[in-house]
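Down below is the structure, laid out as structure tokens.
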Amino acid sequence: MNDTLYLDHNATTPLLPSVLDAMLPYLSEHFGNPSSDHALGRRAHGAVENAREQVADLLGALPDEIVFTSGGTESNNLAVRGSTRAGAHARRTIVTSSVEHPATVQPLARLESAGWKVTRLSATAAGSIALGELASSIDDTVALVTIMLAQNETGALLPVAEAGDVARAVGAVMHTDAAQAIGKIPVRVEDLNVDLLSLAGHKFNAPKGVGALYVRRGTSLSPVLLGASQERGIRPGTENVAGIVALGAAAVAASTELVERSRHYGDLRDALWEQLWAAIPGITRHTPEHALPNTLSVSFPGVLGGDVLAHAPDLAASTGSACHSGAEHPSAVLTAMGVAHAEAMGTVRLSLGHGSTAQNVLQAVCLLTRAFRAVA
Ligand SMILES: Cc1ncc(COP(=O)(O)O)c(C=O)c1O
């Protein structure tokens with residue numbers, strides 16, 4: 001398994017050694033409950049509060065604006081469901097994009113069945129939204145605008161700061177799902193004009209099952225889970241102390257290494273695209289210019305992406321399709337962008353990350369070219 005060439009960092013990332021070192025003591029000797037009023041409890045509480053500061057620093061937020069959760073899915077659910085429950089809602093409209101992750105799509109669909117109006121902005125060919133359509137969809141009936149910062153399949157970057165401006169002008173709450181952006185590009189809540197922002201630890205070298213929601217001071221948010229008073233009652237439940245400590249350590253690494261990471265990923269991604277384009281006639285690219293530096297979504301002509309990857313078993317990457325009820329369907333995101341069925345089915349997403357090298361790019365091009373020739 002260790003010989004696998006891992007180019008699937010948008011699916012999940014390995015732990016950094018510094019992150020593992022930071023969290024391990026909280027799985028062994030420092031096992032206290034942060035709510036306990038004795039030395040072990042206070043030690044755990046201190047570690048959680050230290051991590052809160054580290055995550056806040058990464059985002060340019062205040063520590064009391066960070067709510068720890070179990071990951072991106074929970075953060076998005078809390079943002080969407082919590083902000084639409086809070087307060088008296090004369091406002092019954094939510095505006096979103098057509099390229100969101102299911103962790104946003106599904107809670108919105110639930111609200112829609114409960115009578116909310118959900119306006120889905122159409123996707124541009126570059127996998128983003130058109131600001132003109134956003135502006136004409138916003139009025140004082142809008143309670144929430146939720147637009148992701150970086151698209152997980154294509155890497156497209158969406159104009160969240162501009163959307164935040166428009167949302168604020170009508171008094172709507174602005175949420176962004178930044179799960180894919182953290183650790184790859186700068187993410188600062190003041191620059192983005194957001195009230196709520198979701199992040200997921202395992203997308204930036206912390207473990208799975210931990211994440212956070214940034215909640216700007218003064219934003220009304222009702223809890224989705226009910227219980228004791230952890231996380232100020234917004235997210236009750238005994239804290240995942242080791243995971244939270246790891247999230248803090250990953251946040252520190254993400255901010256110190258950000259500029260270097262971004263440049264390195266961008267160089268590798270551009271080399272990967274140039275070499276694939278030279279090796280495979282007819283290959284097309286879904287990742288636009290304005291995108292995460294680590295992501296490359298491409299379509300192999302006349303074949304299924306799944307078949308290409310099946311012929312490259314030493315390469316870990318993702319396809320642009322999903323299996324529902326035993327049949328392969330093209331990705332909803334690519335379809336929303338207007339990508340034709342056959343082209344969407346030929347898609348493979350390659351995503352670079354910590355430890356990816358120029359050598360890995362050469363290997364990936366070699367494995368993919370060989371696999372494509374075997375199935376074409
Ligand atoms: C953009 C985006 N949002 C949310 C999630 C869900 O995060 P988690 O796996 O931590 O629940 C993911 C993970 O695939 C994602 O890519």
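Some notes on this structure:
- Rounded accessible area per residue of the range 1-51, 1.4 Å, Å²: 58 Å²
- Across the range 247-376, counting alpha-carbon atoms alone, Rg and Dmax equal 15.5, 46 Å.
- Check: the range 248-376 dipole with +1 on Lys, Arg Cβ and -1 on Asp, Glu Cβ, in debye: 80 debye
- Max mean-square fluctuation residue, GNM over the chain, Cα-Cα springs under 10 Å, options Q359, Q230, Q275: Q359
- Spin-label zone in the range 239-266 - amide nitrogen under 18 Å from a point set 7 Å from the Cα of L20 along the C-beta vector: 242-251, 253-254
- Dipole magnitude of the chain about its Cα centre (Cβ charges: Lys, Arg +1; Asp, Glu -1), debye to nearest 20: 580 debye
- Entry note: the range 125-217 has Rg to Rh equal to 0.98, where both radii use alpha-carbon atoms and Rh is the Kirkwood radius.
- Shape category assigned to the range 63-195 from the gyration tensor of Cα positions, a/c cut at 1.5: rounded
- Packing-based order for 52-58, 94-100, 148-154, using average beta carbon neighbours within 10 Å, highest first: 148-154, 94-100, 52-58
- The range 145-285, accessible area per residue, ligands and nucleic acids excluded (1.4 Å, Å²): 35 Å²
- For the range 42-56, Karplus couplings with θ = phi - 60° (6.51, -1.76, 1.60), whole Hz, Gly/Pro x: 5, 4, 5, 4, x, 5, 5, 5, 5, 5, 4, 5, 5, 5, 4
- Qualifying aspartates and glutamates (Cα of each under 14 Å from Cα of K208; at least 8 residues distant if same chain): E74
- Most mobile listed residue (A206, A47, A340) in the chain, GNM with C-alpha springs under 10 Å: A340
- For the range 225-337, the relative contact order is 12 percent, taking Cα pairs closer than 8 Å that sit 6 or more residues apart in sequence and dividing their mean separation by the residue count.
- Selection among S128, L199, M148 by position relative to the dipole of the range 126-213 gives L199 as farthest towards the positive end (Cβ unit charges, Cα centre).
- Along the axis of the charge dipole computed for the chain (Cβ charges of +1 for Lys and Arg, -1 for Asp and Glu, origin at the Cα centre), the listed residues S70, H329, G227 are led at the positive end by G227.
- Relative frequency of Cα-Cα separations exceeding 36 Å in the chain, percent: 25 percent
- Label point at A374 placed 7 Å out along Cα→Cβ; residues across the range 7-34 whose backbone nitrogen lies under 19 Å: 7-8
- When the square roots of the Cα gyration tensor eigenvalues are ordered a ≥ b ≥ c, the ratio a/c for the range 182-318 is 1.5 or more and a/b exceeds b/c, which makes its shape prolate.
- Computed from the C-beta positions of A316 and R110, the FRET efficiency with R₀ = 35 Å rounds to 0.60.
- Debye intensity ratio in log₁₀ form over the Cα atoms of the range 1-116, taken at each q of 0.11, 0.16 Å⁻¹: -0.62, -1.02
- Pair A342, Q359: separation of 7 Å Cα→Cβ label points (nm): 4.0 nm
- Remark: relative contact order (the range 95-157) = 45 percent; criterion is Cα-Cα distance under 8 angstrom and separation of 6 or more residues.
- Helical runs assigned H by DSSP (4 residues or longer) give the chain a calculated mean residue ellipticity at 222 nm of -12500 deg cm²/dmol, each run adding -39500 (n - 2.57) before division by the residue total.
- The range 179-228: mean projected area of Cα convex hull, nm²: 4.6 nm²
- Most mobile of A11, A178, A291 in a GNM of the chain (Cα contacts under 10 Å): A11
- Using only side-chain charges placed at the Cβ, +1 for Lys and Arg and -1 for Asp and Glu, the dipole size of the range 23-104 relative to its Cα centre rounds to 440 debye.
The values are calculated or read from the model by the stated rules, or taken from the named source; none is laboratory data. If you're wondering where the values come from, they're calculated on a predicted model, not measured in any experiment. Cβ coordinates were reconstructed from backbone atoms using ideal geometry, including for glycine residues, and neighbour counts include every protein chain displayed. What goes into the accessible areas is simple: the full protein's heavy atoms, side chains included, and nothing from ligands, DNA or RNA. Shrake-Rupley method; radii C 1.70, N 1.55, O 1.52, S 1.80 Å.
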